[in-house]
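To keep things clear, I will list the structure first and then write my remarks on it.
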Amino acid sequence: MQQTKKSYTLEEAKRKLEQYCAYQERCHKEIFEKLSQMGMIPEAIDVIIVHLIEHNFLNETRFAKQFVSGKFKIKHWGKNRIAFELKKKDISKHIIQEALKEISDEDYLASFDIITRKKADSIRESNLYKKKKKFADYFLYRGWESYLVYDKANELIK
């Protein structure tokens with residue numbers, strides 16, 4: 001049994017993508033990939049993306065701000081990781097910088113202080129150098145600035 005892909009008319013695809021965008025913020029790249037998976041031709045993809053932008057279903061600035069907020073507050077990512085992930089989604093540098101401004105310096109440093117103290121307490125390692133390395137690796141992977149990470153490692157792990 002061979003499964004055939006469902007084909008969509010332009011209007012059906014528009015409605016489906018309106019629902020897709022209404023459910024959660026999306027970027028242009030996600031919409032393009034979704035439409036490609038649906039088997040839409042490039043001309044139809046362009047028409048649908050323009051329709052979504054005109055009717056405010058698709059807005060990359062709004063997406064970037066929501067993405068930054070979520071990844072910072074929920075996943076506790078640093079600015080480097082957030083910017084990297086947005087670049088992977090083909091968001092422009094200008095929009096990334098604008099979205100990162102949504103995080104105040106006070107909130108950023110306060111959050112960093114809280115999560116570093118928790119992590120330092122949770123690392124079960126007797127060797128001081130290994131403990132500092134585990135600590136640093138954890139926060140560098142999550143996109144926190146290296147000068148912050150190493151200063152905090154030296155402060156908390158003695």
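Taken together, the values in this text are just the output of simple stated rules run on the coordinates, not laboratory data. Computed from a predicted structure; not experimentally measured. Neighbour counts are summed over all protein chains in view; Cβ atoms, including those assigned to glycine, are modelled from backbone coordinates with ideal geometry.
The table below gives the values:
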{"quantity": "Residue match in the range 119-139 (condition: closer than 12 Å to Gly78 by Cα and out of contact with any Pro (no Cβ under 8 Å at 6 or more places or on another chain))", "calculated": "yes"}
{"quantity": "Enumeration of residues in the range 82-94 that are within 11 Å of Gly143 (Cβ to Cβ) and touching a residue at least 60 places away in the same chain (Cβ under 8 Å)", "calculated": "Ile82, Ala83"}
{"quantity": "Within the range 140-158, considering residues that are among the charged types (D, E, K, R) and crowded, with 17+ Cβ neighbours inside 10 Å, the one farthest from Ile74 (Cα to Cα)", "calculated": "Lys152"}
{"quantity": "Scan of the range 100-158 for residues that are more than 16 Å from Arg81 (Cβ to Cβ), among the small types (Gly, Ala, Ser) and in contact (Cβ under 8 Å) with a residue 12 or more places away in the chain, ordered by number", "calculated": "Ala120, Ala153"}
{"quantity": "Yes/no for Ala136 being touching a helix residue (DSSP H, G or I) at 6+ places or on another chain (Cβ under 7 Å), of a type in the set (Gly, Ala, Ser), crowded, with 17+ Cβ neighbours inside 10 Å and under 30 Å from Glu11 (Cβ atoms)", "calculated": "no"}
{"quantity": "Boolean, Glu43 is surrounded by fewer than 20 Cβ atoms within 10 Å (Cβ to Cβ), acidic (Asp, Glu), under 27 Å from Glu102 (Cα atoms) and free of Cβ contacts under 8 Å to residues at least 60 places away in the same chain", "calculated": "no"}
{"quantity": "Helices (runs of 4 or more DSSP H) completely within the range 1-74 that count 1 or more residues being farther than 30 Å from Ser104 by Cβ and under 16 Å from the mean Cα position of the chain (by Cα)", "calculated": "28-37"}
{"quantity": "Enumeration of residues in the range 46-83 that are surrounded by fewer than 18 Cβ atoms within 10 Å (Cβ to Cβ) and of a type in the set (A, V, I, L, M, F, W, C)", "calculated": "Val47, Ile49, Val50, Ile53, Ile74"}
{"quantity": "Test set (1) within 30 Å of Cys27 (Cα to Cα); (2) touching a residue at least 24 places away in the same chain (Cβ under 8 Å); (3) of a type in the set (D, E, K, R); (4) out of contact with any Asp or Glu (no Cβ under 9 Å at 6 or more places or on another chain) - Lys79 fails condition number", "calculated": "(4)"}
{"quantity": "Selected residue (only one of Glu98, Glu85 is acidic (Asp, Glu), in contact with a Ser or Thr (Cβ under 9 Å, 6 or more places away or on another chain) and within 30 Å of Glu18 (Cα to Cα))", "calculated": "Glu98"}
